[in-house]
Amino acid sequence: MFLAEGNAAAMKIVIVGDGKVGFTLTKLLSKEGHDLVVIDSNSDVLRESQEALDVAVVTGNGARVEVQREADVQHSDVLIAATSSDEINLLCCMVARKLGCRSTIARVRNPAYDSQLRLLKEELGLSLSINPERAAAREIFRLLQFPSFLKRDSFAKGRVELVELKLRHDNALVNRKLSELGGFARLNALICAVDRDGEITIPSGSFELREGDKITIAADAAELANLLRQLNVGAQKAQSVMIVGGSRIAEYLAAMLLRAHVRVTIIEKQRARCETLSEALPEVMVIYGDGSQKDLLLSEGIRQTDALVTLTGMDEENLIISMFGNYIGVPKTITKINRTEYAEVFADKGIDTIVSPKLLTADEIVSYVRAMDNTAGGSVVTLYSIAGGSAEALEFFVKSDAPYLNIPLYQLALKPDILIASIIRARKVILPKGGDSMQKGDTVVVVTPAERAVCDLKDIFVEGAFDAPAPIMLP
């Protein structure tokens with residue numbers, strides 16, 4: 001079995017449900033070298049996964065004891081329940097814990113279960129529950145606060161932000177080397193990844209930026225507004241948002257936007273769903289109609305809205321509506337899609353900001369699985385895919401017995417294409433230089449190519465880096 005770099009110990013993981021989320025998880029965790037078994041009642045779907053990913057499969061109802069025994073759940077480290085039914089997912093986790101599985105994770109989408117899950121987490125045998133729709137709504141809401149960003153991720157309890165921005169022709173950074181950007185240091189910001197025509201670079205000081213580059217910036221969260229002003233891009237929050245598709249994501253998002261005093265219009269083509277949304281969100285303008293119809297969008301004021309968010313159940317519909325919004329000059333469009341493998345093609349058609357609930361869910365679960373390793377160097381606290389999934393940003397907590405404590409960064413041998421993007425110490429955000437060091441209790445954010453599958457902070461250093469005593473400089 002291939003064991004991905006950085007994965008100190010492969011775990012035995014059972015995934016129940018081979019739909020979009022289940023398959024994505026299977027693909028990601030298989031690349032990291034874990035021993036996987038997939039359970040689903042559809043043998044045809046399982047056959048496709050078995051052929052594509054070379055994993056073990058079991059056909060049957062994953063909530064049944066005998067099916068879980070066949071999958072050897074009783075000797076597994078993790079069971080992930082990702083079927084389309086919340087109730088089956090919860091039952092799967094209860095059975096798995098009774099059989100002796102070490103940890104269980106459930107996808108739970110119904111908001112009605114939220115309070116019960118917090119109350120009954122231990123009784124249900126849950127280690128982690130994830131609501132993909134709420135996660136997607138939160139991601140979209142954060143993007144609408146700073147519409148110029150294509151992506152925005154938060155670390156260290158919100159103190160550090162990783163944001164993605166596309167360089168337009170009039171941006172002050174175009175045709176400049178990173179070593180020339182002294183103003184970034186004053187803003188406590190650092191360019192840590194560049195996506196140029198699909199090729200990802202973790203840049204050095206000699207790297208020259210060009211028009212069209214998508215850059216990922218690590219920044220002190222308190223400096224985001226100043227950063228946008230320095231880059232001469234708009235910092236205005238969206239004041240009016242049109243949402244096409246009255247999905248559960250739309251309901252969560254609209255509630256968040258209302259609390260932020262944003263005007264919201266939802267267009268939904270199912271009358272019953274319109275009535276439900278009107279009752280739940282009386283302050284929202286709910287329009288009964290087909291949001292893919294150009295005339296309806298124009299009559300409902302799409303030209304005057306600050307942002308368009310497409311949340312129908314069909315990728316193709318979301319893409320076409322977003323492309324139309326971009327064509328007529330809507331300042332910000334956000335598109336929900338499931339088939340992310342064509343993201344580069346979409347970007348060429350004016351679809352810059354994409355949100356995928358399945359990828360958000362997968363990131364959170366992969367982060368949890370890597371954190372289970374919990375070795376002395378410092379395990380993963382948070383993980384985000386960045387640069388179109390080609391790189392990862394990971395948050396670590398530095399432990400007291402870590403071998404790299406108090407050693408200046410310039411004396412540490414990092415593996416190629418790895419960047420320490422920030423160090424957070426006692427609420428202060430440090431964009432590190434060579435003379436800085438990591439200390440006990442620090443939070444560290446690292447950017448690395450996705451294929452490395454870093455599980456522990458020690459994994460970013462070259463092999464054998466701490467075999468011999470290193471010179472130590474006390475702070």
Residue hits (region 140-151; open to solvent by less than 20 Å² (accessible area, probe 1.4 Å) and modelled with pLDDT of 90 or more) are I140, L143, L144
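To keep it simple, each residue is scored yes or no on (1) in contact (Cβ under 8 Å) with a residue 24 or more places away in the chain; (2) of a type in the set (S, T, N, Q); (3) open to solvent by 10 Å² or more (accessible area, probe 1.4 Å).
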position: V16; (1), (2), (3): yes, no, no
position: K20; (1), (2), (3): yes, no, yes
position: T24; (1), (2), (3): yes, yes, yes
position: L28; (1), (2), (3): yes, no, yes
position: L53; (1), (2), (3): yes, no, yes
position: G60; (1), (2), (3): no, no, yes
position: A63; (1), (2), (3): yes, no, yes
position: E66; (1), (2), (3): no, no, yes
position: R69; (1), (2), (3): yes, no, yes
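Does A402 satisfy the condition of being at pLDDT below 90 and under 30 Å from G19 (Cα atoms)? If you could, list the steps in order and put the result at the bottom.
Values: at pLDDT below 90: yes; under 30 Å from G19 (Cα atoms): no.
Taking the combined requirement at face value, the residue does not satisfy it.
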Tell me which of these T216 doesn't satisfy, since it passes every other one: (1) among the hydroxyl-bearing types (S, T, Y); (2) in a helix (DSSP H, G or I); (3) surrounded by 22 or more Cβ atoms within 10 Å (Cβ to Cβ).
(2)
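Only residues that are part of a loop (DSSP other than H, G, I, E, B), hydrophobic (A, V, I, L, M, F, W, C) and crowded, with 16+ Cβ neighbours inside 10 Å: list them for region 253-277, please.
Selection gives V262 alone.
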Restricting attention to region 390-403, does a residue exist that is open to solvent by less than 20 Å² (accessible area, probe 1.4 Å), among the β-branched types (V, I, T) and under 19 Å from the mean Cα position of the chain (by Cα)?
no
If we keep just the residues of region 232-252 that are assigned to a loop (DSSP other than H, G, I, E, B) and open to solvent by 60 Å² or more (accessible area, probe 1.4 Å), which is nearest to V174 (Cα to Cα)?
N232
Residues that are hydrophobic (A, V, I, L, M, F, W, C) and within 29 Å of L28 (Cβ to Cβ), drawn from region 422-458
I423, I424, M438, V444, V445, V446, V447, A450, A453, V454, C455, L457
Which number in (1) farther than 29 Å from G389 by Cα; (2) modelled with pLDDT under 95 marks the one condition that R263 misses?
(2)
In region 397-446, anything in contact with a Leu (Cβ under 6 Å, 6 or more places away or on another chain) and farther than 23 Å from E463 by Cα is listed as L431
Conditions (1) surrounded by 16 or more Cβ atoms within 10 Å (Cβ to Cβ); (2) modelled with pLDDT under 90; number of the one not met by M1:
(1)
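The values are calculated or read from the model by the stated rules, or taken from the named source; none is laboratory data. This structure is a prediction, so every number in the text was calculated from the model and none was measured. Note that each Cβ is placed from the backbone with ideal geometry, even for glycine, and that neighbours are counted across all protein chains shown. Surface areas here come from the heavy atoms of the whole protein model, side chains and all, with no ligands, DNA or RNA. Shrake-Rupley method; radii C 1.70, N 1.55, O 1.52, S 1.80 Å.
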